[in-house]
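The values are calculated or read from the model by the stated rules, or taken from the named source; none is laboratory data. In this text the structure is predicted, and so the values were computed from the model without any measurement. Cβ placement follows ideal geometry from the backbone for every residue including glycine, while neighbour counts extend to all protein chains displayed.
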Amino acid sequence: MGGSDFWANPSTSPFVPHFGVSPPLLVGRRSELSALGSGLATGPRDARYCSILMGVRGSGKTALLNEVQREVASAGWVVLAVDASTPGLLDRIVASVDRAEESYEALDVGDRLDTTASKSVGIHLGVLAGKLTTTRRAREVHAQALRERLTTMAVAAQNHGTSMLLTVDELHAVDRTEGRRLASDLQHIIKREELPLAFLGAGLSEMKNTLLMDPKVTFFHRCEPFDLPPLATEDAINGLRDPIATAGGRITPGALQLAAEAVDGSPYKMQVIGDQAWRQAGAPKEQINEITAADACIIADAVYAERVSLPAWRDLSDAERSVLVAVAHLGGQAKPRDVAGQIGSSSNAAADRMSHIANAGYLARASAGNYQITGLVPLSVVLQEGQYHELAAPTSSDVADGSTVPARCNRWMPRARARCALAAGHAGRCRSR
Ligand SMILES: Nc1ncnc2c1ncn2[C@@H]1O[C@H](COP(=O)(O)OP(=O)(O)O)[C@@H](O)[C@H]1O
Ligand SMILES: [Mg+2]
């Protein structure tokens, strides 16, 4: 009997409260789209021909990446779209070249040596004849031949008066060896050969502290960085109102204003608020009013904490958490000097850490050398998560005089009601003795 209800309640909400899904209406990205479009249209000599989108979870990196892919594909470009979140990136790019060669027959680099007569032969490109042997070997050694595969395809695209776009999402997570390898191949193909292979990466802002600090990835350093800005309230109003209207729903002006202000700049939160408001009200039958919109905002805050703030908090090291907790205890805004006093480190060490976590979006640089806690992990969540996170003792690298006294881990263990007695950075669990 239970099975009869299984399909009973499909949601009619036009919103997409998830990650990686294109929104019903993309708002607030006009200037980024126009800069990216202009760079791609200009070609390999334009800095923006190779760009990297950066932002926190839910800031809309993937959505913007998808939009650019859609635009260029409709202009006849060949799009290779991969994700760097797991190892094997180079193999995946090679596989996407394989797929592209199959689907864009006009770009066929000749009758593939390893396919028999069954495959219909595309246009033969005379210039490529000499490269075919390399191409076959490339398939066997796979990733090693990435440069040849991309070059061959970019040449074919060029001969057909078109271009290629390679997109790499989750670039912050790229395996370092693969990242370096890809950077060197792209540097060669795009910068040196000036072949029409555009690049668009996307990832968490923390890559400013990691991948982009790696001296062996000059290609990535030279990419145009785009920090995705928070949505303005006006954008949030449009991003909520239009999908509701298109789906046949109604929302009062007061409810719309309230919901848009609660978006707090986050495209992800906007989708969650829209979806919740729709459900709470029972739209499209019922109008969304201020009461249902307010309920939706409360739920959205909890969803945001769970899906964005907590994963972001977990991404931090203990030392970085200590900094955030210290700023929270100082009222949500503080200078490195004050934080240093709280965590027992030198001012320089505190300033370094604060600058790191500001790059990653946890703190914002405010006036007069102050840093302020952002909405990524809001003050309330820092205080809640940090309540068992006693301020860590300084690690040896923080000791100003450079002495090498081994620091204790000192982490507070709520169950044992004691601090960890092991050396800082120890392996395995904390222990009181
Ligand atoms: N500019 C935008 N306008 C409206 N909704 C957006 C916009 N950018 C992203 N979204 C929506 O927000 C959610 C998170 O976007 P996503 O691109 O997955 O973020 P990220 O890749 O930065 O984590 C998705 O549901 C997406 O549809
Ligand atoms: Mg994404």
A careful count of residues in region 250-278 that are within 16 Å of ligand 2 (Cβ to nearest atom) and closer than 19 Å to SER11 by Cβ gives 5
Restricting the search to region 157-180, which residues are away from ligand 2 (no atom under 16 Å from the Cβ), acidic (Asp, Glu) and either buried (at least 24 other Cβ atoms within 10 Å of the Cβ) or not in a helix (DSSP H, G or I) (or both)?
ASP175
Are any of the residues in region 208-229 surrounded by 24 or more Cβ atoms within 10 Å (Cβ to Cβ), within 15 Å of ligand 1 (Cβ to nearest atom) and in a helix (DSSP H, G or I)?
no
State whether one or more residues within region 235-248 are of a type outside the set (A, V, I, L, M, F, W, C), away from ligand 1 (no atom under 16 Å from the Cβ) and at negative phi.
no
Residue under question is GLY39, and the condition is that it be of a type in the set (Gly, Ala, Ser), touching a helix residue (DSSP H, G or I) at 6+ places or on another chain (Cβ under 6 Å) and within 13 Å of ligand 1 (Cβ to nearest atom); does it hold?
no
Taking the conditions exactly as written (modelled with pLDDT of 65 or more and more than 26 Å from PRO311 (Cα to Cα)), does GLY369 satisfy them or not?
yes
Within region 5-17, identify whether any single residue is among the small types (Gly, Ala, Ser), free of Cβ contacts under 8 Å to residues at least 60 places away in the same chain and within 14 Å of LEU200 (Cβ to Cβ), and answer yes or no.
no
Please report, ordered by residue number, the helices (runs of 4 or more DSSP H) entirely within region 281-334 with at least 2 residues that are small (Gly, Ala, Ser).
290-304, 318-329
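Yes/no per residue for (1) acidic (Asp, Glu); (2) more than 16 Å from ligand 1 (Cβ to nearest atom); (3) closer than 23 Å to LYS61 by Cβ:
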site: ALA154; (1), (2), (3): no, yes, no
site: ALA157; (1), (2), (3): no, yes, no
site: SER163; (1), (2), (3): no, yes, yes
site: GLU170; (1), (2), (3): yes, no, yes
site: LEU182; (1), (2), (3): no, yes, yes
site: PRO196; (1), (2), (3): no, yes, no
Quick check on GLY254: is it assigned to a loop (DSSP other than H, G, I, E, B), among the small types (Gly, Ala, Ser) and over 19 Å from LEU182 (Cα atoms)?
no
Could we say that VAL339 is in contact with a strand residue (DSSP E or B) (Cβ under 7 Å, 6 or more places away or on another chain) and outside the structural domain of LEU64 (by TED's automatic domain parsing) here?
no
Residues located in region 19-29, provided they are away from ligand 2 (no atom under 16 Å from the Cβ) and either in contact with a Gly (Cβ under 7 Å, 6 or more places away or on another chain) or under 15 Å from ILE190 (Cβ atoms) (or both)
LEU25, VAL27
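This table checks each residue for (1) within 16 Å of ligand 2 (Cβ to nearest atom); (2) over 30 Å from GLN271 (Cα atoms); (3) surrounded by fewer than 19 Cβ atoms within 10 Å (Cβ to Cβ).
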residue	(1), (2), (3)
PRO10	no, no, yes
SER31	no, no, yes
ALA41	no, yes, yes
ARG45	no, yes, yes
SER51	yes, no, no
GLU101	no, yes, no
